[in-house]
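Reviewing the structure listed below.
The values are calculated or read from the model by the stated rules, or taken from the named source; none is laboratory data. None of these values were measured; they are calculated from a predicted model. Cβ sites come from the backbone with ideal geometry, for glycine too, and all protein chains shown count toward neighbours. Note: accessible area is taken over every heavy atom of the protein model, side chains too, but ligands, DNA and RNA are not part of it. Shrake-Rupley method; radii C 1.70, N 1.55, O 1.52, S 1.80 Å.
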Amino acid sequence: MGIRTDLLVTEEIAESSDLRATPFEFERAKRVEAALSILEGKWKIVILNRLFARPVWRFSELERAVPGISQRMLSQQLRLLEKCELVKRTVHPQFPPKVEYELTEFGKTLCPAMKTLVDWAMTFPKTRETSRY
């Protein structure tokens, strides 16, 4: 388990003025913060993970596939993901109404990051899965 010393802040570095972010680093930090704010919350990553698994989902299917989520919360989270252009909502004109959800092309660009996150999560020891951090 090697510690990357290039990432550590020593007293010598902390006292220097070299810690100021460059305009590029500042812009990058703002973009990362904005991206993470889109995904924050209990449900969005779970919903996106389901949408990565299969191309098209009806609302009721998603509701069953995300245990513990209420209809209202699922609807709210899907609207937010749609507003961020990660999810596309299609309403078919029929009775009863048929509404389907799928990832947009932009949403699909999250697939590699989601796969990496899932792979990382699978490395957790069983004791960590139920722990609260």
- For the subset of segment 65-85 comprising residues that are of a type in the set (A, V, I, L, M, F, W, C) and in a helix (DSSP H, G or I), which member is surrounded by the most Cβ atoms within 10 Å (Cβ to Cβ)? 81
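Tell me yes or no: at least one residue of segment 102-116 is of a type in the set (Phe, Trp, Tyr), modelled with pLDDT of 95 or more, open to solvent by 90 Å² or more (accessible area, probe 1.4 Å) and in a helix (DSSP H, G or I).
yes
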- So, in segment 32-85, of the ones that are among the hydroxyl-bearing types (Ser, Thr, Tyr) and modelled with pLDDT of 95 or more, which residue ends up farthest from the chain's Cα centre (by Cα)? 70
- Residues of segment 88-110 satisfying the condition of being under 17 Å from residue 61 (Cβ atoms), of a type in the set (A, V, I, L, M) and touching a residue at least 40 places away in the same chain (Cβ under 8 Å): 99, 103
- Can you tell me which residues in segment 86-97 are in a strand (DSSP E or B) and either hydrophobic (A, V, I, L, M, F, W, C) or under 26 Å from the mean Cα position of the chain (by Cα) (or both)? 87, 88, 89, 90, 91
- For segment 32-69, which residues satisfy the criterion of being among the charged types (D, E, K, R) and closer than 18 Å to residue 114 by Cα? 33, 40, 42, 44, 50, 54
